[in-house]
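S.K.: Once you've had a glance at the structure underneath, I'll fire off some questions.
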Amino acid sequence: MKNWHKLVAAGVFAASGATAAAETVEATLPNGLKVVVRRDARAPVAVSQLWYRVGSVDEVNGRTGLSHLLEHMMFKGTRKVPAGEFSRRIAAAGGQDNAFTSRDATVYFQQLAADKLPLAIELEADRMVNLVVDDEAFRREIEVVREERRWRTDDQPTGRLHEALYASALVANPARHPVIGWMDDIRNMKADDLRAWYRDWYAPNNATLVVVGDVDPQAVIALARRQFGALKPRPLPERREQREPEQQGMRRVTVKAPSELSYLTLAWPVPRLESLTDVDPYALSVLSELLDGHDAARLPRRLVREKKIALSASSGYDPLGRGAALFTLTAVPAAGVGLDALEAALKAEVARIAKDGVGAAELARVRRQLEASRVFERDSMFGQAMQIGALESLGFSWRAEDEMNRRLQAVDAAAVQRAARLLVDDKLTVVTLLAQGMKGRPAASAKLEEVSR
Amino acid sequence: MKPTPRWTALVFALLALPALAAPQIQDWRAASGARVLFVAAHENPIVDVQLSFDAGNRRDPADKPGVAELTLGLLDAGTATLGEEAVREKLTDLAASVSGSVDADSATLTLRVLARPEVREPAVALLAELVARPAFPDAVLRRERERSVDSLRQRETDPGFLAGRELSRLMYPAHPYGLGARLSADSLRRIGRADLLAFWRTYYRPESAVVAIVGDLTRAEAERLAERLLAGLPTGRPAPAALPGVSMQAAGRLRVIAHPASQAHVVMGLPMITRHDPDYYALMAGNYVLGGGGFDARLMRELRDRRGLTYGASSSLAPLEGAGPFELAFSTRKDKVGEALAVARATVADFVANGPSEAELAQAKANIVGGFPLRFDSNRKLLGYLGVIGRYELPLTFLGDYPARIAALTVADVRDAWRRRLDPARLDTVVVGPTSLDAPGEPGGMTR
C-alpha cells in the first residue's frame, strides 16, 4: 500500500451516502482467529485472504528474508496435501492463488467462484499447522528466491535505490531491512530456521481471515469455525519494539548503478499512525496528496510542467505499518539539470507550504479526491479485502476506516503547514542514484514494498 | 473429505447463489457510426467509460514511430479553449480521472467518474473536448518529446526491454506491428506538431470509434453519454488502409546481446494468433498447459519447481487483428542460461509433438471455465472486455461462448492446432546478458 486514501477509500459505505450498505460481519474464534466477512454480490465470486502478523520487521539481522522464504515454502506441501497440490487444487476449482510478504504481514490469498470457497478455507487451515519443510525442496527454493532478488533488486537501479534508502534513513528500526532479505541471509538460511519461524508465528491467534464476495457471511464464519476451530492457540514470541533513535543531522548516501537516468530521494522519519487519535499522520497524508495526489498536484505541476527541471516528481507516505515511517520525495532530473538544483527545488516546495500554508480551494480539491476514491475503490473485491486485512493485522478494527476518513477530511491548512515543518534538514536523508550508463548494471522501474511468491 | 451432514448443509448454503451468467451487454451504433457497448451496473455509484480508435502504433508513419503515442499523450495538454493546467484542474475538481494507452491496434482513453450528473456530465463533456479539439501546443510537445527520449534511454538499459524489443523486430521485420520496436531518439525528435495533427485527423474517426460504458446509468443516459462523447469529431473522413498480412520467417533466428546484469533474459516467439483465429480456443487452452497457467504450466514446473533456475517462466498469446505474437520469457543467472534455454526448448518441442495429456487439458479447462467469472468481476475488468468485443467485432455472446468453446475441446484439437501453428524451428530467440551462448561472460556481474 502506498497511499493512505487507497487504504481507507473502500468499504465503509454508511458515511458516504452510497446506495447499498455492505454487510460486514466479524467473529473471533475461541482460539484467537479473527474472521471478517463482507458480502459483495456483484459477481458470483469471492476472495479469501489469510493474514499472518509476521513480516520483515519481525526479523533480525542475519536472518532477514525469513518471512518471505517461508511464504515460498508454504506451497511445498503438508502432511495431508503433497507439494504443488495446493495451487493445483485451487486452479482446478477455477481459482487463482498466490501470496505476498510485506514488512508487517505475510498474506495468502485465493480468488475463485464463491461456491468453491470451502476448498480454499480447508486448504489454508491445513497448512496453518501441517506444513512439511523438505530439505531438498528448500534447497531448490533458495535458488528461486536468489533469482527473485537478482531480478527484483540487484539488476534494478530503482530497486537498489529503495533498498539503500531504508538501510540508511533508518539505523535501528527493522524497517531498514529489505523484505526479500539480504543476499547472504538468503543464501545462508537453514531449513530449521524456517521450521522455527513457522512454529513461532503460524497460529490462529496470530492470523486474520478476510473474505469478500458473493457469500453468506454467517455461513463463512461457520465454515471458518469448522476448519480452524480445532487448531490450538500458541504463545507468540515477544515483539520488542526498536524505536528509531532521533536523527541528529543530515545524511547523504550515493548509489551508483548502470542507469541512464539519475534519481534523487529525500526521506524524513515521521510519525506513523499508532492511535486513531494521532494528529500528524493525517496531516502528513494530506500533505502528500497536495504534493502528488492528483492531476493538478504541486510537484508534477511545478517541477515537471512549469520549470521543466524534472522528468518525474512524486511524494510518498504510508502512515500504516508496524515499522518506522518515512515521508519521501523522489524526482528524476531532466537533461542538463543538476541534482543540487533538483534537491533545492524539492525542498523549496516543502518550504513554501511550511511558510505560506495552503489555500482553501487546494485543500478542498484533495478532500474531494479522497472522498471519490473511497467510492471508486469499492469496485475491487480484492482491494476491499486488502484494506480490511491491513487494518486488522495492524491492530485497528476494519471499522476504523470511518473514523480515519473523518479525521482525514478534518485536516485543516494549519495542520498541513505544521506537517511541512516536520520536514527539516537535520532529520533528512538524501539518497542519490548516480547514473553510470551501461558500464555497470541495468535498469527499470519498480517499487519494492511487497514481494510475492 | 467425506462431508458430514452439517458440512453438507453448509456447502449447500454457499452454493445457493445466483446461477453463473455472463453480463447483459447492450449495443448500438451512435449517430456518427461508432459502436457502443453498455452494461448497467447499479451497485456502486460509478461510471467507467472507454473510448478507443483504430489509432494504435501500427498506424505510425514508417519513418516516425512514436506519433501514435505522442498524439494520445498530448490530448490532455490543452484544447482550443482550455490550457494544460486548466484541463488538469477541471478533472481534479470533478474528481474524475482520464488515462490513455496505445497498443498495436488501438489508442484508448478511459474515464472514471462518480455517477452523479453534476460531475458526470461535465467530465464527459471535457473528455469530448479533449478528443475533438486538441491544441497539441508546441511547448508541451517539445517537453513530452524529450521526456519520451529520456524514458526510452532508460528502458534501453533494461535487459527485459531489450530482449522484447529485439524479438519484436525479428518477428515483424517489415510489418506495422514491428513499428513500436523501431522507436528511437531520432525518430521521436523528427515528430512535429503537424505530424500529431495529421495523425489525429486521419485516425481519430468517429466511424472507427468504440465506446464501452459500464456503470450506474440507464440505457437512455448511456445513449446520451455516447452521443455527447463523439459529438465534436468530424465525420466522413476516409477509412485508412487495411492492415497488411503478417508473413512468417522461414527459420527462427538467435540473437545474443551482451549486458552487464547478473541475470540473462531469454525471450522466444513467433507471430501466431488473431482475434478471429479458427484455432483461438485450442491455442488458448494449450498455452495454459505450456506456459500460461502459472504453477500448473510445464515451463514453470520444469524451470522453477524441478530445477530452481528461475523466479518465473511463462508463455503468452497476444491475439490482434493480424497475427499477434506467441512469446515465451524467463530470466536466470548467466551461468545457467545454456541449461535453462535447453530445458525451455525441449519443453516446447515435447508439447508441440505430443500435445497436452488428458489430465493437463482437464486441469486447463477446469481453471479457464471455472474461473471465467473472475475475469469480469469488477466494472473496470468488464469495461476492458467490452472494449475488445467492440474493437474486434466479436459477438455479444463472446463472454458466454468462451467457456463453452473451451469446455468442448479435446486433446486432439489442442495437439493438432499447436502442431499446425507452432513449428519450434521457426521460433526466434533473443538472449540478453551473456556475450555468447557458448562462453557466458559476466562483465560487471556481482552476485557470486
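The values are calculated or read from the model by the stated rules, or taken from the named source; none is laboratory data. It should be emphasised that the depicted structure is a prediction, and the values quoted were computed from it without experimental measurement. No Cβ is skipped: glycine too gets one built from the backbone with ideal geometry, and neighbour counts run over all protein chains shown.
S.K.: Pull up region A:65-90, narrow it to residues that are of a type in the set (Val, Ile, Thr) and surrounded by fewer than 24 Cβ atoms within 10 Å (Cβ to Cβ), then point me to the one that is nearest to the other protein chains (Cβ to nearest Cβ). Before the answer, list the steps.
M.R.: Start the filter on region A:65-90 by keeping residues that are of a type in the set (Val, Ile, Thr), which leaves A:78, A:81, A:90.
Then drop every residue that is not surrounded by fewer than 24 Cβ atoms within 10 Å (Cβ to Cβ), which leaves A:78, A:81.
On the way: A:THR78: 14, A:VAL81: 12 Å.
Result: A:VAL81.
S.K.: Since A:THR328 meets every condition but one in (1) in contact with a strand residue (DSSP E or B) (Cβ under 7 Å, 6 or more places away or on another chain); (2) in a helix (DSSP H, G or I); (3) under 18 Å from A:SER262 (Cβ atoms), which condition does it not meet?
M.R.: (2)
S.K.: A:GLN96: within 7 Å of chain B (Cβ to nearest Cβ) and either surrounded by 22 or more Cβ atoms within 10 Å (Cβ to Cβ) or touching a Gly at 6+ places or on another chain (Cβ under 6 Å) (or both), yes or no?
M.R.: Values: within 7 Å of chain B (Cβ to nearest Cβ): yes; either surrounded by 22 or more Cβ atoms within 10 Å (Cβ to Cβ) or touching a Gly at 6+ places or on another chain (Cβ under 6 Å) (or both): no.
Spelling it out, it is not the case that A:GLN96 is within 7 Å of chain B (Cβ to nearest Cβ) and either surrounded by 22 or more Cβ atoms within 10 Å (Cβ to Cβ) or touching a Gly at 6+ places or on another chain (Cβ under 6 Å) (or both).
S.K.: For A:THR208, indicate whether it is farther than 15 Å from A:ARG63 by Cβ, out of contact with any Asp or Glu (no Cβ under 6 Å at 6 or more places or on another chain) and either assigned to a loop (DSSP other than H, G, I, E, B) or not basic (Lys, Arg) (or both). Steps first, answer last, please.
M.R.: Working: farther than 15 Å from A:ARG63 by Cβ: yes; out of contact with any Asp or Glu (no Cβ under 6 Å at 6 or more places or on another chain): no; either assigned to a loop (DSSP other than H, G, I, E, B) or not basic (Lys, Arg) (or both): yes.
Answer is no for this residue.
S.K.: Looking only at region A:357-372, decide whether some residue is surrounded by fewer than 20 Cβ atoms within 10 Å (Cβ to Cβ), more than 18 Å from the chain's Cα centre (by Cα) and away from every other protein chain (no Cβ under 14 Å).
M.R.: Within region A:357-372, one or more residues are surrounded by fewer than 20 Cβ atoms within 10 Å (Cβ to Cβ), more than 18 Å from the chain's Cα centre (by Cα) and away from every other protein chain (no Cβ under 14 Å).
S.K.: Within the bounds of region B:311-321, is there any residue that is in contact with a helix residue (DSSP H, G or I) (Cβ under 6 Å, 6 or more places away or on another chain), buried (at least 23 other Cβ atoms within 10 Å of the Cβ) and hydrophobic (A, V, I, L, M, F, W, C)?
M.R.: Yes - at least one qualifying residue is present in region B:311-321.
S.K.: Please go through region A:273-303 and pick out each residue that is aliphatic (A, V, I, L, M), closer than 19 Å to A:GLU349 by Cα and touching a residue at least 24 places away in the same chain (Cβ under 8 Å). Quick ask: steps written out before the conclusion?
M.R.: Of region A:273-303, the ones aliphatic (A, V, I, L, M) are A:273, A:276, A:279, A:283-284, A:286-287, A:290-291, A:296-297, A:299, A:303.
When the remaining residues are screened for being closer than 19 Å to A:GLU349 by Cα, the result is A:283-284, A:286-287, A:290-291, A:296-297, A:299, A:303.
Hits for region A:273-303 are A:ALA283, A:LEU284, A:VAL286, A:LEU287, A:LEU290, A:LEU291, A:ALA296, A:LEU299, A:LEU303.
S.K.: Residue check, A:ARG140 against (1) within 14 Å of chain B (Cβ to nearest Cβ); (2) in contact with a Phe, Trp or Tyr (Cβ under 8 Å, 6 or more places away or on another chain); (3) of a type in the set (Lys, Arg), all met but one. Which one?
M.R.: A:ARG140 satisfies all of (1) within 14 Å of chain B (Cβ to nearest Cβ); (2) in contact with a Phe, Trp or Tyr (Cβ under 8 Å, 6 or more places away or on another chain); (3) of a type in the set (Lys, Arg) except (2).
S.K.: Within region A:188-210, identify whether any single residue is within 14 Å of chain B (Cβ to nearest Cβ) and under 22 Å from the mean Cα position of the chain (by Cα), and answer yes or no.
M.R.: No - not one qualifying residue is present in region A:188-210.
S.K.: Separate question: Given the criterion within 23 Å of A:ALA164 (Cβ to Cβ), facing another protein chain (nearest Cβ under 10 Å) and either surrounded by fewer than 17 Cβ atoms within 10 Å (Cβ to Cβ) or of a type outside the set (A, V, I, L, M) (or both), identify the matching residue among A:SER315, A:SER259. Talk me through it step by step, then tell me what you get.
M.R.: Details: A:SER315 fails: facing another protein chain (nearest Cβ under 10 Å).
Result of the check over A:SER315, A:SER259: A:SER259.
S.K.: Yes or no: region B:322-330 includes at least one residue that is free of Cβ contacts under 8 Å to residues at least 12 places away in the same chain and not charged (D, E, K, R). Break it down stepwise before answering.
M.R.: Residues of region B:322-330 free of Cβ contacts under 8 Å to residues at least 12 places away in the same chain: none.
No, the conditions are met nowhere in region B:322-330.
S.K.: Condition (residue is more than 12 Å from chain B (Cβ to nearest Cβ) and in contact with a strand residue (DSSP E or B) (Cβ under 7 Å, 6 or more places away or on another chain)) applied to region A:292-300: is it met by at least one residue?
M.R.: Here is the first cut: in region A:292-300, the ones more than 12 Å from chain B (Cβ to nearest Cβ) are A:292, A:299.
Restricting the remaining residues to those that are in contact with a strand residue (DSSP E or B) (Cβ under 7 Å, 6 or more places away or on another chain) gives A:292, A:299.
Yes: region A:292-300 contains one or more residues that are more than 12 Å from chain B (Cβ to nearest Cβ) and in contact with a strand residue (DSSP E or B) (Cβ under 7 Å, 6 or more places away or on another chain).
S.K.: Please go through region B:267-308 and give me each residue that is more than 14 Å from chain A (Cβ to nearest Cβ) and in a loop (DSSP other than H, G, I, E, B), ordered by number.
M.R.: Result: B:ARG275, B:HIS276, B:ASP277, B:PRO278, B:ASP279.
S.K.: Just to be sure I understand, how many residues within region A:245-275 are closer than 26 Å to A:GLY336 by Cα and aromatic (Phe, Trp, Tyr)?
M.R.: Summing the residues that are closer than 26 Å to A:GLY336 by Cα and aromatic (Phe, Trp, Tyr) in region A:245-275 gives 1.
S.K.: Which of the helices (runs of 4 or more DSSP H) contained wholly in region B:145-211 include at least 1 residues that are touching a strand residue (DSSP E or B) at 6+ places or on another chain (Cβ under 7 Å) and buried (at least 17 other Cβ atoms within 10 Å of the Cβ)? Full working, then the answer.
M.R.: On the way: elements: B:159-171, B:185-189, B:193-203.
Those helices (runs of 4 or more DSSP H) span B:159-171, B:193-203.
S.K.: Still on this model: Could you please find all residues in region A:143-172 being charged (D, E, K, R) and more than 7 Å from every other protein chain (Cβ to nearest Cβ)? Break it down into steps so the answer makes sense when it comes.
M.R.: So in region A:143-172, the residues charged (D, E, K, R) come out as A:143, A:146-150, A:152, A:154-155, A:160, A:163.
A:ARG146, A:ARG149, A:ARG152, A:ARG160, A:GLU163, listed by residue number.
S.K.: Of the residues that sit in region A:413-441 and are more than 14 Å from chain B (Cβ to nearest Cβ) and in a strand (DSSP E or B), which one is nearest to B:PRO260 (Cα to Cα)?
M.R.: The extreme case among them is A:THR432.
S.K.: Can you go through B:ALA125, B:ALA95, B:ALA104, B:ALA115 and tell me which one is at positive phi and of a type in the set (Gly, Ala, Ser)?
M.R.: On the way: B:ALA125 fails: at positive phi; B:ALA104 fails: at positive phi; B:ALA115 fails: at positive phi.
The unique qualifying residue is B:ALA95.
S.K.: Being under 24 Å from the mean Cα position of the chain (by Cα) and either surrounded by fewer than 19 Cβ atoms within 10 Å (Cβ to Cβ) or modelled with pLDDT under 95 (or both) narrows it down to one of A:GLU59, A:GLU26, so name that one.
M.R.: Working: A:GLU59 fails: either surrounded by fewer than 19 Cβ atoms within 10 Å (Cβ to Cβ) or modelled with pLDDT under 95 (or both).
Being under 24 Å from the mean Cα position of the chain (by Cα) and either surrounded by fewer than 19 Cβ atoms within 10 Å (Cβ to Cβ) or modelled with pLDDT under 95 (or both) holds for just one of A:GLU59, A:GLU26, which is A:GLU26.
S.K.: Could you identify the single residue in B:ALA128, B:ALA107, B:ALA115 that is aliphatic (A, V, I, L, M) and over 26 Å from the mean Cα position of the chain (by Cα)?
M.R.: Within the list B:ALA128, B:ALA107, B:ALA115, the selection yields B:ALA115.
S.K.: While we're looking at this one, here's another question. Of the residues B:GLU121, B:GLU144, which is within 30 Å of B:LEU217 (Cβ to Cβ) and over 20 Å from the mean Cα position of the chain (by Cα)? Show your work before the answer.
M.R.: Values: B:GLU144 fails: within 30 Å of B:LEU217 (Cβ to Cβ).
That would be B:GLU121, the only listed residue that is within 30 Å of B:LEU217 (Cβ to Cβ) and over 20 Å from the mean Cα position of the chain (by Cα).
S.K.: Pick out the one residue from B:LEU82, B:LEU130, B:LEU114 that is away from every other protein chain (no Cβ under 12 Å), crowded, with 22+ Cβ neighbours inside 10 Å and not small (Gly, Ala, Ser).
M.R.: On the way: B:LEU82 fails: crowded, with 22+ Cβ neighbours inside 10 Å; B:LEU114 fails: away from every other protein chain (no Cβ under 12 Å).
Every option except B:LEU130 fails the conditions.
S.K.: Only one of B:VAL256, B:VAL343 is more than 12 Å from every other protein chain (Cβ to nearest Cβ), outside any helix (DSSP H, G or I) and either touching a residue at least 24 places away in the same chain (Cβ under 8 Å) or of a type in the set (Lys, Arg) (or both); which? Don't jump to the end; show me each part of the working.
M.R.: On the way: B:VAL343 fails: outside any helix (DSSP H, G or I).
Sole residue among the options that is more than 12 Å from every other protein chain (Cβ to nearest Cβ), outside any helix (DSSP H, G or I) and either touching a residue at least 24 places away in the same chain (Cβ under 8 Å) or of a type in the set (Lys, Arg) (or both): B:VAL256.
S.K.: Under 6 Å between Cβ atoms, which residue pairs at least 6 apart in sequence (or on different chains) link something in region A:14-41 that is among the polar types (S, T, N, Q) with a partner that is at pLDDT 95 or above?
M.R.: A:THR24/A:ARG38; A:THR28/A:LYS34; A:ASN31/A:PRO204; A:ASN31/A:LEU231; A:ASN31/A:PRO233
S.K.: Further question on the same structure: Can you name the residue in region B:221-239 that is part of a loop (DSSP other than H, G, I, E, B) and surrounded by 14 or more Cβ atoms within 10 Å (Cβ to Cβ) and, of all such residues, is nearest to the other protein chains (Cβ to nearest Cβ)? It would help to see each step written out before you state the result.
M.R.: Let us first name the residues in region B:221-239 that are part of a loop (DSSP other than H, G, I, E, B), namely B:231-239.
Then keep just the ones that are surrounded by 14 or more Cβ atoms within 10 Å (Cβ to Cβ); that gives B:231-233, B:237.
Working: B:ALA231: 24, B:GLY232: 22, B:LEU233: 23, B:ARG237: 31 Å.
This residue is B:GLY232.
S.K.: Residues that are in contact (Cβ under 8 Å) with a residue 24 or more places away in the chain, outside the structural domain of A:PRO204 (by TED's automatic domain parsing) and farther than 18 Å from A:SER285 by Cα: list the helices (runs of 4 or more DSSP H) wholly contained in region A:357-412 that include at least 1 such residues.
M.R.: On the way: elements: A:360-376, A:381-393, A:400-409.
So the answer is A:360-376, A:381-393.
S.K.: Looking at region B:41-142, what helices (runs of 4 or more DSSP H) fall wholly within it and have at least 3 residues that are under 20 Å from B:ALA231 (Cβ atoms) and in contact with a strand residue (DSSP E or B) (Cβ under 9 Å, 6 or more places away or on another chain)?
M.R.: On the way: elements: B:67-73, B:84-93, B:117-132.
So the answer is B:117-132.
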